[in-house]
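The structure appears below as structure tokens.
Each reported figure results from applying straightforward, stated rules to the coordinates on display, with no laboratory input. Source: prediction; values computed, not measured. Note that each Cβ is placed from the backbone with ideal geometry, even for glycine, and that neighbours are counted across all protein chains shown.
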């Protein structure tokens, strides 16, 4: 509870900084945030899975991300996981922690991507260190629910 | 059963590791954006200030601590309640100046610098400078102007991390002009 606050405040400040120091609002800011998340995700997953058994397959990895990883980082599990069994996974979180303070509905919808970029990187970094190369994007239609789409890249 | 308790201590550790790693990524990004360490230090202080002015409200809401009577009480609250609540560590309060307006917070281990090593070309970087900004911003919102700086830093070879806080003055509440 109280120990989540520092991260949330820091996350908001990081977003402010990245957007303030750029004159134009282009995809570069999102990419910078995503790359920061990537590095953090890589480190975090190493610490988290130190004593975990080897994963059987890709689906097992995704289930781990949805349950344990999400619980550790965002304090709850993913509400819905869908896949087409061909490398695309959609993770639905109905009350995404980093958006719940922003709005409950459609207000500030255009700012939501900024607040999701870091988390996308977090997931991509975590998967990468579990041996899964992917592209992670997120979309929001009504806050604080959001969907993360993971596309597995065959190496 | 033991696996259950592993999970709760894990989640506390995970929070602080998430924060530590994110902070590390931020400092790395700042070092890339700015050429010299002084600029990075200033940015960290500014960002810390922005966080501090918001964190104080969160703190007061969670802790329901009343007004402090004097600077000594403020120091105790910062060390025993605030640091413990947000960073999970309790620094000791020492080295009071004779006038009672300056003291040190001694941290045996600074959670922000887990897994961190300073490379040689960044010897003047105050890695944890965010903390100085946070303390300054938070106290300004409760009408205290303070000066906060790092006196010792484990990253630069000292044994402990020491934050020196000096009370400058009480900030008078300013009513907006035209309220006569």
How do A:89, A:19 line up, fewest other C-beta atoms within 10 Å first? A:19, A:89
Under the definition of Cα pairs under 8 Å and six or more residues apart, what whole-number percent is the relative contact order of chain B? 25
Per residue of B:48-55, what is the mean number of Cβ atoms on other protein chains within 10 angstrom of that residue's Cβ? 3
Cβ crowding within 10 Å averaged over residues, with A:35-43, B:41-49, A:47-55 ranked highest first: A:35-43, B:41-49, A:47-55
Acute angle (nearest 10 degrees) that the helix A:5-20 long axis makes with the longest principal axis of chain A, alpha-carbon atoms: 60
dims of segment A:11-155, Cα set, principal axes, largest to smallest, nearest Å -> 45, 28, 27
The base-10 log of I(q)/I(0) that the Debye equation returns for segment B:1-136 at q = 0.10, 0.16, 0.21 Å⁻¹, one scatterer per C-alpha, is -0.41, -0.98, -1.38
Tell me the angle of helix A:27-48 to the major Cα principal axis of chain A, expressed in degrees between 0 and 90 and rounded to the nearest ten. 40
State the Cα centre-to-centre distance between segment A:59-85 and segment A:111-131 in whole Å. 13
What number, in nm² with one decimal, is the all-direction average of the projected area of the convex hull of the alpha-carbon atoms of the protein assembly as shown? 21.5
Hey, got the average number of other protein chain Cβ atoms within 10 angstrom for residues in A:8-18? 6
So what is the relative contact order for chain A, in percent, with contacts set as C-alpha pairs under 8 Å and at least six apart? 28
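Ordered by packing density, taken as the mean number of other Cβ atoms within 10 Å over each peptide's residues, highest first, how do B:149-158, A:68-77, B:116-125 rank?
The densest-packed peptide leads the list: A:68-77, B:149-158, B:116-125.
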What do you get for the angle between helix A:112-129 and the principal long axis of chain A? Use alpha-carbon atoms, 0 to 90 degrees, nearest ten. 30
How do A:18, A:88 rank when sorted from fewest to most other Cβ atoms within 10 Å of their own Cβ? A:88, A:18
Per-residue mean of other chain beta-carbon atoms within 10 angstrom of the beta-carbon, peptide A:46-57? 1
Inter-centroid distance (Cα atoms) of segment B:78-100 relative to segment B:113-139, Å: 17
Students often check this: by mean Cβ neighbours within 10 Å, which of B:94-103, B:75-84 ranks highest, and how do the rest follow? B:75-84, B:94-103
